[in-house]
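The structure follows.
The values are calculated or read from the model by the stated rules, or taken from the named source; none is laboratory data. It should be emphasised that the depicted structure is a prediction, and the values quoted were computed from it without experimental measurement. All Cβ positions, glycine included, derive from the backbone under ideal geometry; neighbour counts span all protein chains shown. Accessible surface is based on the protein model in full, side chains and every heavy atom, while ligands, DNA and RNA are left aside. Shrake-Rupley method; radii C 1.70, N 1.55, O 1.52, S 1.80 Å.
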Amino acid sequence: MLPQNKADVEILLESLKDLGYRFTRPLEERATYLAEPTNAKMLRAVILDTETTGTDYMQDKIIELGMVAFDYCPRTGMIGDVHGTFNQLEDPGFPIPPESTKVHHITDDMVEGKYINDDEVEAFIDSASIIIAHNAKFDRRFVELRFPIFKSKPWACSFAQIDWAAEGLGSSKLEFLAYRSGFHYDGHRASIDCHALLEVLHCAPTESGILPMKQMLDSARLKEYKVSALQAPFESKDLLKSRGYRWNAERKVWHTVIQESLFELEAEWLKAEVYNNKKCKIEREKVDALNRFSDRIGMLEVIGY
């Protein structure tokens with residue numbers, strides 16, 4: 001006999017789980033993630049997602065912007081009340097490529113004559129202490145070009161700033177994280193993806209027991225330097241590569257990103273191992289939540305050794 005109500009369904013599912021079956025629930029948007037009121041200090045955050053005509057932020061355009069605002073505890077990563085959802089479409093001014101429509105299912109007819117309201121965007125993120133995206137390197141470049149207000153906000157990335165593999169999760173794709181968190185959803189529309197990410201940040205299982213939101217916040221707070229070994233000898237390329245440096249063909253320089261506190265040790269290593277204790281110049285660029293994942297250059301210094 002088929003279950004007659006939700007309670008009966010849950011009883012049946014629990015019985016099947018005992019036999020080794022695994023199930024996911026449909027995503028339900030929540031008004032709060034708190035089981036009971038809290039006295040913890042809470043700040044406001046905004047999760048953001050875009051749908052675009054393509055992947056080149058200099059050529060392609062945003063056609064949908066979705067956001068969800070919510071409270072969080074900066075100390076523990078606990079998520080609190082949800083304060084609204086934003087979702088608007090925009091006409092890019094040219095036909096949406098078919099390959100893009102296959103991903104997000106947004107058509108030319110859906111966006112015709114539509115425009116994302118700049119004032120409403122600014123009002124929605126005004127009180128946010130941080131902007132979160134799942135692959136901020138993609139979304140941040142698009143929204144900063146279209147809405148300069150986003151340049152003034154710190155950013156965090158739930159894709160790059162949580163070590164999902166170390167937490168026993170084999171993929172950092174949002175759909176997979178949702179599945180491992182016990183729910184499913186119809187993705188690739190901006191605000192739906194935002195709600196799915198919020199759920200993941202709240203309840204994704206971690207082997208460490210540390211909330212995903214806290215892990216991301218701790219990573220976002222790190223201050224780093226992008227270190228460039230200026231005029232490094234050609235024969236040092238394999239040594240630099242093995243240490244994690246990458247080659248910038250345009251600037252013709254090897255570079256890496258390290259924690260701010262490790263800079264002097266890194267400079268000593270470069271001078272000794274790469275420059276053979278000869279005079280050298282090392283460039284360092286400040287990287288923090290205000291410019292990380294963007295194309296904007298942080299404070300630059302060239303230091304001679």
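Would you check which residues across the range 196-205 are part of a loop (DSSP other than H, G, I, E, B) and either in contact with a Ser or Thr (Cβ under 6 Å, 6 or more places away or on another chain) or modelled with pLDDT of 95 or more (or both) and list them?
ALA204
Touching a residue at least 24 places away in the same chain (Cβ under 8 Å), surrounded by fewer than 18 Cβ atoms within 10 Å (Cβ to Cβ) and of a type in the set (Gly, Ala, Ser) - does that describe any residue in the range 185-207?
No, every residue in the range 185-207 fails to be touching a residue at least 24 places away in the same chain (Cβ under 8 Å), surrounded by fewer than 18 Cβ atoms within 10 Å (Cβ to Cβ) and of a type in the set (Gly, Ala, Ser).
Looking at ASP218, ASP193 in this structure, which one is within 23 Å of LEU27 (Cβ to Cβ) and modelled with pLDDT of 95 or more?
ASP193
Taking GLU285 as meeting all but one of (1) of a type in the set (Asp, Glu); (2) under 30 Å from VAL82 (Cα atoms); (3) outside any helix (DSSP H, G or I); (4) open to solvent by less than 30 Å² (accessible area, probe 1.4 Å), write down the number of the exception.
That leaves (2) as the condition not met.
Out of the residues in the range 214-239 that are open to solvent by less than 60 Å² (accessible area, probe 1.4 Å) and assigned to a loop (DSSP other than H, G, I, E, B), state the one that is nearest to GLN88 (Cα to Cα).
The residue in question is LEU230.
Follow-up question, since we're still on this one. List pairs: first residue in the range 43-54 and open to solvent by 20 Å² or more (accessible area, probe 1.4 Å), second residue among the small types (Gly, Ala, Ser) anywhere in the structure, Cβ distance under 7 angstrom, at least six positions apart or on different chains.
LEU43/SER129; ARG44/ALA69; ARG44/SER127; ARG44/ALA128; ARG44/SER129; ASP49/GLY66; ASP49/ALA133; ASP49/ALA190
Something else now. Take the residues of the range 257-282 that are outside any loop (DSSP other than H, G, I, E, B) and open to solvent by less than 20 Å² (accessible area, probe 1.4 Å): which is farthest from GLY244 (Cα to Cα)?
Among those that are outside any loop (DSSP other than H, G, I, E, B) and open to solvent by less than 20 Å² (accessible area, probe 1.4 Å), it is ILE282.
Against the condition in contact with a Gly (Cβ under 6 Å, 6 or more places away or on another chain), open to solvent by 60 Å² or more (accessible area, probe 1.4 Å) and either modelled with pLDDT of 95 or more or closer than 30 Å to GLN88 by Cα (or both), how does LEU211 come out, does it pass?
yes
If I go through the range 131-154 residue by residue, how many of them are open to solvent by 10 Å² or more (accessible area, probe 1.4 Å) and not in a helix (DSSP H, G or I)?
Of the residues in that region, 4 qualify.
Are any of the residues in the range 155-171 in contact with a strand residue (DSSP E or B) (Cβ under 8 Å, 6 or more places away or on another chain), in a helix (DSSP H, G or I) and under 26 Å from THR55 (Cα atoms)?
Taking every residue of the range 155-171 in turn, none turns out to be in contact with a strand residue (DSSP E or B) (Cβ under 8 Å, 6 or more places away or on another chain), in a helix (DSSP H, G or I) and under 26 Å from THR55 (Cα atoms).
Ok, one more. Working only within the range 172-184, note down all residues that are in contact with a strand residue (DSSP E or B) (Cβ under 7 Å, 6 or more places away or on another chain) and open to solvent by less than 60 Å² (accessible area, probe 1.4 Å).
ALA178, GLY182, PHE183
May I pose another question? Considering the range 23-40 alone, what residues qualify as being part of a loop (DSSP other than H, G, I, E, B) and surrounded by fewer than 10 Cβ atoms within 10 Å (Cβ to Cβ)?
GLU28, ALA31, ALA35, GLU36, PRO37, ASN39
Moving to a separate point now. Can you pull out every residue in the range 239-294 that is aromatic (Phe, Trp, Tyr) and touching a Ser or Thr at 6+ places or on another chain (Cβ under 9 Å)?
TYR245, TRP254, TYR275
For residues in the range 256-292 being of a type in the set (Ser, Thr, Tyr) and under 30 Å from ALA133 (Cβ atoms), which is nearest to the chain's Cα centre (by Cα)?
THR256
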